[in-house]
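Visitor: The structure is given below, and queries will be raised subsequently.
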Amino acid sequence: DLVIEILAVRSGLGLAVMATLAAARADLRSTIFTRQLPLHFFRNIVHLASQYVWATSLLLLPLATVFALEFTAPAWALLLAVPVLGERMTASRIGAVVLGLIGMLVILRPGFATFQPAALLVLLAALGFANTLIMTKKLTRTDTNFAIIFWMNLIQLPLALIGSDPLFVTRLDLGQLPAVLG
């Protein structure tokens, strides 16, 4: 599957950059140290799955629809922050969620002939991204931003490789190198 292979390349390049930067730091251990490894694993399984579903939706829907529906992630994050992080739901947050959901309904137009079931994939990805945002916020209480990104790439690379054709790297040629690096 091309989508998971792209995600594997992304994680591989990200890990190479992060490992190089980590090695250049004086105190490597404190740079990537975490006490929250299970949360990192859960976060990155959800994040990789959300990226996969989102990227797949790009093949099925107009780009504008995908991006518009992806913007529901902050509304989902606001709703999740209340039970998970203990944040307060203020009037302005309620207003933001309501307006976001109204906007989503305008885009989806449920019940009309233009409804596209693939739009549900984007909403699933947005919900996954919202969960990732909540878990990231929780991780920032104990881990550095650098550690969070390092562990993201380290965990997502083998997961993406599991879903990839083992020989996909051999199909890459030098003409594709600028796109891969981009």
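Visitor: Taking 0.36 nm per residue of sequence separation and subtracting the Cα-Cα distance, how much length would be gained by fully extending the chain between Thr144 and Ala19, in nm to one decimal?
Guide: Contour length minus Cα-Cα distance gives 43.5 nm.
Visitor: If I ignore ligands, DNA and RNA and count only protein heavy atoms, how much of Arg25 is accessible to a 1.4 Å probe, in Å² to the nearest 10?
Guide: Probe radius 1.4 Å; accessible area of Arg25 about 110 Å².
Visitor: Counting heavy atoms of the protein chains only and a 1.4 Å probe, report the per residue accessible area for the range 34-182 as a whole number of Å².
Guide: Here the per-residue accessible area is 58 Å².
Visitor: Additional query: Arg88 to Leu174: extension gain in nm, 0.36 nm per residue of separation minus the Cα-Cα distance?
Guide: Contour length minus Cα-Cα distance gives 25.8 nm.
Visitor: Over the range 45-135, how many percent of alpha carbon pairs lie in each 5 Å bin up to the one with the longest distance?
Guide: Pair shares across the bins are 3, 15, 23, 23, 18, 12, 6, 1, 0.
Visitor: Would you mind pulling out the separation of the Cα centroids of the range 147-173 and the range 1-69, in Å?
Guide: Cα centroid of the range 147-173 versus Cα centroid of the range 1-69: 9 Å apart.
Visitor: Whenever you get a sec, line up Met152, Met89 from highest to lowest accessible area (probe 1.4 Å, protein heavy atoms).
Guide: Sorted descending by solvent-accessible area, the residues read Met89, Met152.
Visitor: Counting only helical runs of four or more DSSP H residues, what would the 222 nm mean residue ellipticity of the chain come to if each run contributes -39,500 (n - 2.57) and the total is spread over all its residues?
Guide: So the calculated ellipticity at 222 nm is -24000 deg cm²/dmol.
Visitor: Sticking with this structure for a sec: Return the FRET efficiency for the residue pair Leu2, Ala26: r is the Cβ-Cβ distance, R0 is 30 Å, and the value is rounded to the nearest 0.05.
Guide: Step by step, r from the Cβ atoms, then E = 0.15.
Visitor: Compute, for Leu21, the solvent-accessible surface of its heavy atoms (probe 1.4 Å) with the complete set of protein chains present, and express it in square angstrom to the nearest 10.
Guide: 90
Visitor: If you don't mind, there's one more thing I want to ask. Go ahead and set up a Gaussian network model of the chain, Cα springs under 10 Å, then flag whichever of Asp143, Asp165, Asp27 fluctuates most.
Guide: Asp27
Visitor: With the dipole of the chain worked out from charges on the C-beta (+1 for Lys and Arg, -1 for Asp and Glu) around the Cα centre, which of Leu99, Trp151, Ser57 lies farthest toward the positive end?
Guide: Highest projection toward the positive end goes to Leu99.
Visitor: Filter the chain for me: DSSP H helices, axial length by Cα at least 20 angstrom, mean Kyte-Doolittle hydropathy not below -0.5. List them by residue number.
Guide: Flagged H segments are 2-24, 37-58, 91-108, 119-139, 145-162.
Visitor: Would you list the P(r) distribution for the chain, with all Cα-Cα distances sorted into 5 Å bins from 0 and each bin expressed as a whole %?
Guide: All Cα pairs considered, the percentages come to 1, 8, 14, 15, 17, 15, 13, 9, 5, 2, 1, 0, 0.
Visitor: Tell me the accessible surface of Trp151 in square angstrom (1.4 angstrom probe, heavy atoms of protein chains only), to the nearest ten.
Guide: 50
Visitor: Residue farthest toward the positive end of the dipole of the chain, with Cβ of Lys/Arg at +1 and Asp/Glu at -1: which of Leu123, Met135, Leu13?
Guide: Farthest towards the positive pole: Met135.
Visitor: Give me the dipole magnitude in Debye, nearest 20, for the chain about the Cα centre, with unit charges on the beta carbon: positive for Lys and Arg, negative for Asp and Glu.
Guide: About 600 debye.
Visitor: Then there is this: Using Cα springs under 10 Å in a Gaussian network model of the chain, which residue among Ala160, Ala125, Ala64 shows the largest mean-square fluctuation?
Guide: Highest fluctuation of the listed residues: Ala64.
The values are calculated or read from the model by the stated rules, or taken from the named source; none is laboratory data. This one's a predicted model, so the numbers in the text were calculated from it and none came from an experiment. All Cβ positions, even for glycine, are placed from backbone atoms using ideal geometry, and neighbour counts span all protein chains on display. Only protein heavy atoms, including side chains, enter the accessible area calculation; ligands, DNA and RNA are left aside. Shrake-Rupley method; radii C 1.70, N 1.55, O 1.52, S 1.80 Å.
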